[in-house]
Amino acid sequence: MANATAGFNGTLEVSDDGSTWTDLGGMDSADFEQILEEIAATEFGDTNVRRIYGLGDASASCSGYADSDDAGQTLIQTNFSARDNVYVRYLYDGTNGLSAEFICTSIATESAVDGRGGDRSYSFSLANGSVTVV
């Protein structure tokens, strides 16, 4: 992470193509959720519910402070404005983590109460494929 923040030891990176990564600076919290749909497979006459796995999905979000000079935040904003997908890699301990191709569904910027300029948050939904363990 370009700008380490106390209490957050992970690394967030973004990419246009999934191969060249840019640090996403200023973030002090992150979430990367993998989801599997649950499909009821109960048949007439069953006495208990049966379920099977359905389609996989994922979402991610992060928040921290807005930094117009940060290359990662600029990449997200540029891709969001152009409606281009963005790859997100979240290394929760700095080495191990997850990555996937996402669409950025939301960028929120708010006034910060601590005088650091402004808070920014990003929300992402899985665009294509699956989550890769890195």
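Any chance segment 65-83 includes a residue that's buried (at least 19 other Cβ atoms within 10 Å of the Cβ), assigned to a strand (DSSP E or B) and among the hydrophobic types (A, V, I, L, M, F, W, C)? There is no residue in segment 65-83 that is buried (at least 19 other Cβ atoms within 10 Å of the Cβ), assigned to a strand (DSSP E or B) and among the hydrophobic types (A, V, I, L, M, F, W, C). You will find that of Glu33, Glu43, the residue that is surrounded by fewer than 16 Cβ atoms within 10 Å (Cβ to Cβ) and assigned to a strand (DSSP E or B) is Glu33 and no other. Restricting to segment 51-93, name every residue that is closer than 18 Å to Phe32 by Cβ and of a type in the set (Gly, Ala, Ser). Within segment 51-93, Gly56, Ala58, Ser59, Ala60, Ser61, Ser63, Gly64, Gly72 meet the criteria.
Suppose we keep only residues that are among the small types (Gly, Ala, Ser) and modelled with pLDDT under 90 within segment 1-21. Which one would you say is nearest to Asn79 (Cα to Cα)? The residue in question is Ala2. Taken together, the residues in segment 75-96 that are at pLDDT below 95 and at positive phi amount to 1. Would you confirm, using the coordinates I've provided, whether Asp67 is farther than 20 Å from Val131 by Cα and in contact with a helix residue (DSSP H, G or I) (Cβ under 7 Å, 6 or more places away or on another chain)? Criteria met by Asp67. Sub-9 Å Cβ pairs linking a first residue in segment 88-111 that is over 12 Å from Leu24 (Cβ atoms) to a second residue that is of a type in the set (D, E, K, R) and part of a loop (DSSP other than H, G, I, E, B), at least 6 apart or interchain, are Ile103/Arg83; Ile103/Asp84, ordered by first then second residue. Considering (1) modelled with pLDDT of 95 or more; (2) small (Gly, Ala, Ser); (3) closer than 23 Å to Asn9 by Cα; (4) not in a strand (DSSP E or B), the lone condition that Ser61 does not fulfil carries the number (4). Can you find, within segment 99-119, the residue that is surrounded by the most Cβ atoms within 10 Å (Cβ to Cβ) among those that are modelled with pLDDT of 95 or more and more than 17 Å from Thr20 (Cβ to Cβ)? That would be Cys104.
The values are calculated or read from the model by the stated rules, or taken from the named source; none is laboratory data. Given the structure is predicted, the values throughout are model-derived calculations rather than measurements. Don't worry about glycine lacking a Cβ; one is built from the backbone with ideal geometry, like all the others, and counts go over all protein chains shown.
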